[in-house]
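Undergrad: Would you mind keeping the following structure in view while I ask a few things?
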Protein chains: 2
Amino acid sequence: MPVTLKDIAERVGYSITTVSRALAGYDDVAESTRQLILRTAQEMGYRPDATARRLRTRRTDTIGFVIPTHGPRFSDPFFSELLAGIGNEAARWELDLLVSTRAPGEEEIKAYERMVTERRVDGLLVVRTRRQDPRIAYLLEKGFPFVAFGRSDLEVDFPYLDVDGRQGMRELTEHLISLGHRRIGYISAPLDLMFASHRLEGYKDALEAHGIVLDERLVLIGQLTEQSGYEAGRVLLGRREPPTAVIACNDLMALGVISAAQSLGLQVGRDVAVAGFDDIPLAAHAQPPLTTVRQPIYEIGRRICRMLVELLREGSLREPHVILRPRLVVRESCGSI
Amino acid sequence: MPVTLKDIAERVGYSITTVSRALAGYDDVAESTRQLILRTAQEMGYRPDATARRLRTRRTDTIGFVIPTHGPRFSDPFFSELLAGIGNEAARWELDLLVSTRAPGEEEIKAYERMVTERRVDGLLVVRTRRQDPRIAYLLEKGFPFVAFGRSDLEVDFPYLDVDGRQGMRELTEHLISLGHRRIGYISAPLDLMFASHRLEGYKDALEAHGIVLDERLVLIGQLTEQSGYEAGRVLLGRREPPTAVIACNDLMALGVISAAQSLGLQVGRDVAVAGFDDIPLAAHAQPPLTTVRQPIYEIGRRICRMLVELLREGSLREPHVILRPRLVVRESCGSI
DNA sequence: AGTATAATCCAAAACGTTTTGGATGTCAAG
DNA sequence: CTTGACATCCAAAACGTTTTGGATTATACT
């Protein structure tokens, strides 16, 4: 029922070839016939069949993106913003975006295999890189084009964009130290996540630079959710010698810490300082507003998508490794305002 | 370079047809040759080319989903949870999920046209239905399969799943009335959003049932973001005769209202009651925890995806209209605990 | 022996597009 | 009148799969 090139060809009395070439803008079609064909195609409501085109060109004009979700009730403003950035940039290049949601593990790598081996996409975006990241190892082995948000500890080269979490966290920690804090709690994410380990390094850097010995008991591992931040916050702040400040390695957990502090009757910003990382929109509207480190999530989504486009179009990247410097955003939750 | 049926056929010495049929499990292939073919395919790492298969079968095994994003910095936990539900269900059925992000309007409808007319997907998921929803009108006109999350006011029938927002909001409002509130502020979303107008109806129902005349000045329109809720909250609570309770038609705005109240020195739960709608994970961890109406977002994602699968497989739905009843969740932000 | 039945296989067409490698006709220059 | 250049057109192949409609051979039954 949909209109095909053949239908148009029959109508105008030219061959399929000529119709195809007229629509594609080749100059070996007479201007008059081109006009006729264009007009007829328009009238008949012709739209090229994406699948047929793909089979012939061997390009899908689609990029893949597997969102790492943890647990059934996954809800993270970070990813919706990142997705918006990626999606809007993809639209600019008329690329489709194929999305899967998988928890890290067996099924996740299968989702990658499916996209790659069944040639469903031209390239992939890999986010939240991990130690010895099996996704990156796999894609490199297959020679499949991708761009990662985040570095890796694999002894291999691949294109990535990353935020200097170590530097950002170091600045944040030093800011707290400059406010007089010495016992600073830290809620990390699981350390196989590269960004978590970078940020933890930044925290340690700052302590060391100021001669503060790291108290291992002040460092906990959370799961990046508000619930998890709440629980860790209760633990840290419920200690006999509680920290005077708590840093969470993402904003969602920091919001949980604020909640935990308040549930213990502490006033955040006065009795205890709290800080996060990301600067999700919610951070500015927390009560009190959350001190954090801003990484431009939406922009990052656009940039990695843009990099992938360049990689697919040109075959290589002029700038395959990009490190963005995040920016400290001081608000009231750390009490210095 | 990828292995094709032809490669296998040459290796095992059978025709492409036989290889194809062996892999597809037809019973007109001898058991011994089937084994040989299966083994060889495995060894050679054969994976069928998705594009070729699609062209032949005229099915894409892909469903489309256009996320309505507002403004560049779009970040909404509601959508990441919905997406997780949809994505996980789609994975169960081995369906690909094609995602676009567009602000409502011209570009949005083009995204639909692209998916439909270029046959990129087999069916679509439409979320956040609107008055005279042009997307639904378009899809019905094209006779294209879709399932909506939300009803419409169009004089037409289509498959949908919806939450009874009117009933939910009515219960919530009555709860506040039962606590003694008479001046209840209400922050709606733009009323062309069906859910917004349903929820507003529920609010009005409750007022009327208790003989409270609606004060138009207590009803504002927000944009569903925390920022927007904050601003509306400041307006309402800054009045000379401020309301004693404020309901926002989604949780994100309610969190903004809490923030606004606190910025005005009010203690939420004591000086003013605040309530929302959705029960996003953040709601339980707000300070104070947010009274809200729970709609099971993740489950809804799964359900609408499941419905679309049934529609595509069976050609029709046994239960084309589903209305879920939401559940009131009373927490401390309305002061009754 | 001949004939129906079953088991196993496959050539070819089809899906709708793009691209290759000419074919045909026209016109100007020699 | 021939030649070459140019403008315009198109048949056919190709992309990799699924499916149609038999073909072939072996087996079982009169």
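Undergrad: When Cβ neighbours within 10 Å are restricted to other protein chains, what is their mean count per residue of peptide A:250-257?
TA: On the way: counts 0, 0, 4, 0, 0, 5, 2, 0.
Per residue, the number of nearby Cβ atoms from other chains is 1 on average.
Undergrad: On to the next question. Running a GNM on chain A with Cα contacts under 10 Å, which residue among A:VAL99, A:VAL156, A:VAL268 ends up with the highest mean-square fluctuation?
TA: A:VAL156
Undergrad: Still on this model: Take the alpha carbon atoms of segment A:302-334, find their center, do the same for segment B:255-334, and report the distance between the two centers in whole angstrom.
TA: If we compute the Cα centre of each part, the gap is 34 Å.
Undergrad: Just for chain B, what percent of DSSP beta bridges are antiparallel, to the closest 5?
TA: About 10 percent, rounded to the nearest 5.
Undergrad: In degrees from 0 to 90, rounded to the nearest 10, what is the angle of the helix A:165-178 Cα long axis to the longest principal axis of chain A?
TA: With rounding to tens, the tilt is 30 degrees.
Undergrad: Another one. So what is log10(I(q)/I(0)) for the protein assembly as shown at q = 0.07 1/Å, when the Debye sum runs over its Cα atoms only?
TA: Normalising to I(0) and taking log10 leaves -0.53.
Undergrad: Amide H neighbours of B:THR101 under 5 Å, at least 5 residues apart or on other chains, H built in the peptide plane: list them.
TA: Amide H neighbours of B:THR101, under 5 Å, 5+ apart: B:ILE67.
Undergrad: What's the total accessible area buried between chains A and B, using a 1.4 Å probe, rounded to the nearest 100 Å²?
TA: Accessible area lost upon association: around 5200 Å².
Undergrad: In chain B, once you exclude exposed chymotrypsin sites (Phe, Trp or Tyr not before Pro) (DSSP loop, at most 16 other Cβ within 10 angstrom), what's the longest stretch remaining?
TA: Counting at most 16 other Cβ atoms within 10 Å as exposed, the longest clean stretch of chain B is B:94-337.
Undergrad: Give the lysines reachable from A:LYS6 as a straight Cα distance under 30 Å; neighbours fewer than 8 places away on the same chain don't count.
TA: B:LYS6, B:LYS110, B:LYS142
Undergrad: Under 10 Å, Cα contacts only: if you run a Gaussian network model on chain B, which one of B:ALA111, B:ALA254, B:ALA41 comes out with the highest mean-square fluctuation?
TA: B:ALA41
Undergrad: Hey, can you grab everything whose amide H is under 5 Å from the amide H of B:ARG130? Only 5+ residues off in sequence or another chain; H modelled, so Pro and N-termini drop out.
TA: Here the answer is B:MET194, since their amide H atoms fall under 5 Å of that of B:ARG130.
Undergrad: Considering the options B:ALA284, B:CYS334, B:LEU324, tell which one lies farthest towards the positive end of the dipole of segment B:218-337, charges being +1 on Lys and Arg and -1 on Asp and Glu at the Cβ, about the Cα centre.
TA: Of the candidates, B:LEU324 comes out farthest on the positive side.
Undergrad: Under the definition of partner shielding as Cβ atoms of other protein chains within 10 Å of a residue Cβ, what is the mean value for peptide B:282-291?
TA: 5
Undergrad: Across chain B, what fraction of all alpha-carbon pairs, as a whole percent, falls in each successive 10 Å bin from zero upward?
TA: P(r) for chain B, in whole percents per bin: 5, 22, 25, 18, 13, 7, 5, 3, 0.
Undergrad: Within a Cβ distance under 13 Å of A:ALA232, other residues only, what is the Lys/Arg minus Asp/Glu net charge? Before the final figure, lay out the partial values.
TA: Working: positive: A:ARG217, A:ARG234, A:ARG239; negative: A:GLU226, A:GLU231.
That works out to +1.
Undergrad: Leaving out ligands, DNA and RNA, and with a 1.4 Å probe, what % of the accessible surface on chain B is carbon or sulfur?
TA: Working: 6890 of 14350 Å².
In chain B, the share of accessible area belonging to carbon and sulfur is 48 percent.
Undergrad: Which distances, shortest first and in nm, link B:ARG58 to the matching position in the other copies, using label points set 7 Å out along Cα to C-beta?
TA: 2.9
Undergrad: Whole-Hz ³J(HN,Hα) for each residue in segment A:300-315, computed from phi via Karplus 6.51 cos²θ - 1.76 cosθ + 1.60 with θ = phi - 60°, x for glycine and proline: what do you get?
TA: Values per residue, Gly and Pro as x: 4, x, 4, 4, 5, 5, 4, 4, 5, 4, 4, 4, 6, 6, 9, x Hz.
Undergrad: Work out the P(r) tail for segment B:5-48: percent of alpha carbon pairs separated by more than 12 Å, whole number.
TA: Details: 466 of 946 pairs.
The answer is 49 percent, as a whole percent.
Undergrad: How many angstrom separate the Cα center of segment B:10-77 from the Cα center of segment B:168-209?
TA: Cα centroid of segment B:10-77 versus Cα centroid of segment B:168-209: 51 Å apart.
Undergrad: From a point 7 Å beyond the Cα of A:ARG234 in the direction of its Cβ, which residues of segment A:252-289 have a backbone N at a distance under 15 Å?
TA: A:256-266
Undergrad: Sequence gap at least 6, Cα distance under 8 Å: using those rules, report the relative contact order of chain A to the nearest whole percent.
TA: 17 percent
Undergrad: Karplus couplings for segment B:86-98 from phi (6.51 cos²θ - 1.76 cosθ + 1.60, θ = phi - 60°), rounded to Hz, Gly and Pro as x?
TA: Listing the rounded values in order: 4, x, 5, 5, 4, 4, 4, 9, 6, 9, 7, 10, 9 Hz.
Undergrad: Something else now. Rank-order A:168-175, B:288-295 by packing density, defined as the average count of other C-beta atoms within 10 Å over each peptide's residues, highest first.
TA: B:288-295, A:168-175
Undergrad: Evaluate the charge dipole of segment A:262-320 about its Cα centre and quote only its size in Debye, nearest 20, assuming +1 on the Cβ of each Lys and Arg and -1 on the Cβ of each Asp and Glu.
TA: Values: 7 positive and 7 negative charges, 26 e Å.
Dipole of segment A:262-320, to the nearest 20 debye: 120 debye.
Undergrad: If you put +1 on each Lys and Arg Cβ and -1 on each Asp and Glu Cβ, how big is the dipole of the protein assembly as shown around its Cα centre, in Debye rounded to 20?
TA: 340 debye
Undergrad: So which GluC sites (Glu not before Pro) in segment B:49-144 are both in a DSSP loop and have at most 13 other Cβ atoms within 10 Å of their Cβ? Mind dumping the intermediate values first?
TA: Numbers: sites: B:GLU81, B:GLU89, B:GLU94, B:GLU106, B:GLU107, B:GLU108, B:GLU113, B:GLU118, B:GLU141; in loops: B:GLU94, B:GLU118.
Those that pass, being in a loop and sparsely packed, are B:GLU94.
Undergrad: Between B:GLN35 and A:LYS142, what FRET efficiency follows from the Cβ-Cβ distance if R0 is 22 Å, with the result rounded to 0.05? Present the calculation step by step, with values, prior to reporting the outcome.
TA: Working: r = 28 Å, r/R0 = 1.27.
Here the calculated transfer efficiency is 0.20.
Undergrad: What is the antiparallel percent of DSSP beta bridges lying wholly in the protein assembly as shown, to the nearest 5?
TA: Approximately 10 percent, going by the DSSP bridge assignments.
Undergrad: Given a Förster distance of 30 Å, report the FRET efficiency between B:ILE109 and A:ALA52 from their Cβ-Cβ distance, rounded to the nearest 0.05.
TA: Efficiency, from the Cβ-Cβ distance: 0.80.
Undergrad: Let me ask something else about it. Suppose all protein chains stay in the model; what accessible area per residue would a 1.4 Å probe give for segment A:5-48, in Å²?
TA: So segment A:5-48 comes to 63 Å² accessible per residue, rounded to a whole number.
Undergrad: Distances in nm, one decimal, shortest first, from B:GLU10 to the same residue in every other copy, taking the label point 7 angstrom along Cα→Cβ.
TA: Taking the point 7 Å beyond Cα along Cα→Cβ, the inter-copy spacings are 3.7 nm.
Undergrad: Please list, in order along segment B:152-158, the HN-Hα scalar couplings obtained from phi with the Karplus expression 6.51 cos²θ - 1.76 cosθ + 1.60 (θ = phi - 60°), rounded to whole Hz, x for Gly and Pro.
TA: 8, 9, 5, 7, 9, 9, 7
Undergrad: Let me test this: with uniform point scatterers at the alpha carbons of segment B:276-334, what is the Debye-based log₁₀ I(q)/I(0) at q = 0.17, 0.20 1/Å?
TA: -0.63, -0.74
Undergrad: Right, another one. As I understand it, the dipole of segment B:5-48 uses +1 on the Cβ of Lys and Arg and -1 on the Cβ of Asp and Glu, about the Cα centre. Which of B:LEU5, B:ALA30, B:ILE16 lies farthest toward its positive end?
TA: B:LEU5
Undergrad: Another question, if that's okay. Treating the point 7 Å from Cα along Cα-beta-carbon as the label, what are the nm separations from B:LEU38 to the other copies, to one decimal?
TA: Copy-to-copy label distances at B:LEU38, shortest first: 5.6 nm.
Undergrad: Can you list the residues, at least 5 places off or on another chain, whose amide H is less than 5 Å from the amide H of B:ILE221, using H built in the peptide plane?
TA: Result for B:ILE221 returns B:SER188.
Undergrad: Is there a quick way to get the dipole size of segment A:5-48? I mean about its Cα centre, with the Cβ of Lys and Arg at +1 and of Asp and Glu at -1; what is the value in debye to the nearest 20?
TA: 120 debye
Undergrad: Can you give the net charge of the other residues whose Cβ lies under 10 Å from the Cβ of B:LEU95, counting K and R as +1 and D and E as -1?
TA: -4
Undergrad: For the charge dipole of the protein assembly as shown, defined by +1 on Lys and Arg C-beta atoms and -1 on Asp and Glu C-beta atoms about the Cα centroid, which residue among B:LEU140, A:VAL147, B:LEU55 has the Cα displaced farthest towards the positive pole?
TA: Going by the Cα projections, it comes out as B:LEU55.
Undergrad: On a 0 to 90° scale, report how tilted helix A:194-209 is relative to the longest principal axis of chain A, with both axes built from alpha carbons and the result rounded to the nearest 10.
TA: With both axes taken from Cα atoms, the answer is about 30 degrees.
Undergrad: With everything on Cα atoms, drop me the angle between helix A:226-237 and the longest principal axis of chain A, reported from 0 to 90° to the nearest 10.
TA: Result, in degrees: 20.
Undergrad: Just checking the output field for A:41-50: average partner chain Cβ neighbours within 10 Å of each residue's Cβ?
TA: What the average comes to for A:41-50 is 3.
The values are calculated or read from the model by the stated rules, or taken from the named source; none is laboratory data. Quick caveat, the model's predicted, so the values are computed rather than measured. Using ideal geometry, Cβ is built from the backbone for each residue, glycine included, and neighbour counts are taken over all protein chains shown. Note: areas computed on protein heavy atoms with side chains; ligands, DNA, RNA excluded. Shrake-Rupley method; radii C 1.70, N 1.55, O 1.52, S 1.80 Å.
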